[in-house]
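Asker: Got a structure here, written out as structure tokens. Questions coming.
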Amino acid sequence: MEKFFRSEASDSVLAKAIEGERISPSEALELYNSADFLKVTVAARAIRNRRHDPSVVTYTMFRIVNYTTVCRMNCSFCSFHEPAPSGMVLPVDAIVQKMQEAMALGANQLFLQGGVNPDIPFDYYLTVVRTVKKIFGRGIHIRAFSPVEIMEMERQTGMSLRNVVRELKQAGMDSTPGAGAEILSDRMRSILSPNKGSVADWVRVMQTCHEEGLPGSANIVIGSSETREEIIEHLRIVRDIQDRTGGFLAFIPWTFQKQTDKFFLRSVPAQEYLKLLGLCRIFLDNVPHIEASILVLGRGVGSLALHAGADDISSVVIEENVLTSHGLNTEEKAREFIRESGFNPVKRDLLYNSY
């Protein structure tokens, strides 16, 4: 193989990672800045294949329910919000109906997300979760509420964050998404979403959720004015939380989509995305799974991502109102995509149990 690749100073870092040693943030930055992206993806694939069956790619099915379109955050990159009182809040029976439709399609998992609506009482969230659990039983998994939504509950109720999380879990919430991270840099957060809270806020909520038995995922979104140093710092923060809690089951890198003209959007070349995905697999040595978001990437780059360190696609998504879907909206399409990419499809739940 050596005769096909030019020798680089970063080769020793990749060799170290392949041998199972942890790389430092400075070494990760070196890989991002100077390593051949093919070498990075080859190393990431080797690590992925050591951790998971090389022949298998997993997928899941869940129903996203956007329970409100009202949001006071006014994030520069997001067009999914309406000012009160023109926005809506879904009644509980409408959410139940949406889950009945999803169950008929084979999706027994609910993903609740919405805007930060200051007019929704805390009891609404508890009632939604309790009612869904009561009707569909323990066979349904409820993933719900990003850190910023939970912080709004904390603000509104005056309860401690830990007690808010405990009440949600007691009502029947099973896991929580690490959404709203975008780039874990206070400089970038002031550009993208100044009302959303600091990096420390996001860390505080995720760590508390994990400590209270609510695992989930984390992500990163690139394609604006973030620096590579900020990207690596984001990965470091996630890895450090994981060292403390072990609560992240997966990590998903994706790119910003054009929704508004309020912030700078750059085009991310396929090779940069794939290099970042490979870097995520190499650096996040304590996170079990790396997901390729076909919803954002599309099929072409998504297929390559499965050969560059990813072991999972986070489809099938039933009803997505925020991002543009790239067509894996049925289970058969997801399975077909995985097979065409060269793998055997295996269905899993949101806790990564195969079935």
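Asker: Does Ala250 meet the test of being surrounded by fewer than 17 Cβ atoms within 10 Å (Cβ to Cβ) and among the hydrophobic types (A, V, I, L, M, F, W, C)?
Answerer: The answer is no for Ala250.
Asker: Scan segment 158-182 residue by residue and report those that are among the hydrophobic types (A, V, I, L, M, F, W, C) and at pLDDT below 95.
Answerer: Ala179, Ala181
Asker: In addition: If a residue counts only when it is out of contact with any strand residue (DSSP E or B) (no Cβ under 7 Å at 6 or more places or on another chain) and not polar (S, T, N, Q), which helices (runs of 4 or more DSSP H) contained entirely in segment 259-308 have at least 3 such residues?
Answerer: Per the criteria, 270-283, 299-305.
Asker: Could I ask something else about it? Being under 15 Å from Ala292 (Cα atoms), modelled with pLDDT of 85 or more and not β-branched (Val, Ile, Thr) is the filter here; which residues of segment 320-338 pass it?
Answerer: Across segment 320-338, the qualifying residues are Ala334, Arg335, Phe337.
Asker: Turning to a different aspect of this structure: How many residues are over 23 Å from Asn74 (Cβ atoms) and among the charged types (D, E, K, R) when one looks only at segment 111-160?
Answerer: 6
Asker: Among the residues of segment 281-314, how many are modelled with pLDDT of 95 or more, more than 15 Å from Tyr59 (Cα to Cα) and either under 13 Å from the mean Cα position of the chain (by Cα) or among the charged types (D, E, K, R) (or both)?
Answerer: Residues that pass the stated criteria total 3.
Asker: Residues in segment 204-242 that are closer than 14 Å to Val165 by Cα and not polar (S, T, N, Q): how many?
Answerer: 11
Asker: Looking at segment 16-41, which of the residues that are in a helix (DSSP H, G or I) and without any contact (Cβ under 8 Å) to a residue 12 or more places away in the chain is surrounded by the fewest Cβ atoms within 10 Å (Cβ to Cβ)?
Answerer: Of everything passing the filter in segment 16-41, Ser26 is surrounded by the fewest Cβ atoms within 10 Å (Cβ to Cβ).
Asker: Give the residues of segment 105-139 that are hydrophobic (A, V, I, L, M, F, W, C), surrounded by fewer than 20 Cβ atoms within 10 Å (Cβ to Cβ) and within 24 Å of Thr60 (Cβ to Cβ), sorted by residue number.
Answerer: Within segment 105-139, Leu105, Ile135, Phe136 qualify.
Asker: A follow-up question, please. Looking at (1) at positive phi; (2) surrounded by fewer than 22 Cβ atoms within 10 Å (Cβ to Cβ), which is the only condition Gln156 fails?
Answerer: Of the numbered conditions (1) at positive phi; (2) surrounded by fewer than 22 Cβ atoms within 10 Å (Cβ to Cβ), the odd one out for Gln156 is (1).
Asker: Does any residue in segment 80-93 that is within 21 Å of Gly180 (Cα to Cα) come within less than 6 Å, Cβ to Cβ, of a residue that is at pLDDT below 60 and exposed (fewer than 13 other Cβ atoms within 10 Å of the Cβ) six or more places away or on a different chain, and which pairs are these?
Answerer: Final answer for the pair search is none.
Asker: Out of segment 147-203, which residues are closer than 24 Å to Ile135 by Cβ and under 15 Å from the mean Cα position of the chain (by Cα)?
Answerer: Once the filter is applied, which keeps residues that are closer than 24 Å to Ile135 by Cβ and under 15 Å from the mean Cα position of the chain (by Cα), segment 147-203 yields Ser175, Thr176, Pro177.
Asker: Further question on the same structure: Give the residues of segment 117-134 that are modelled with pLDDT under 95 and among the β-branched types (Val, Ile, Thr), sorted by residue number.
Answerer: Once the filter is applied, which keeps residues that are modelled with pLDDT under 95 and among the β-branched types (Val, Ile, Thr), segment 117-134 yields only Ile120.
Asker: I'd like to know if segment 143-154 contains one or more residues that are farther than 20 Å from Val203 by Cα and not aliphatic (A, V, I, L, M).
Answerer: no
The values are calculated or read from the model by the stated rules, or taken from the named source; none is laboratory data. These numbers come from a predicted model, not from an experiment. Cβ coordinates were reconstructed from backbone atoms using ideal geometry, including for glycine residues, and neighbour counts include every protein chain displayed.
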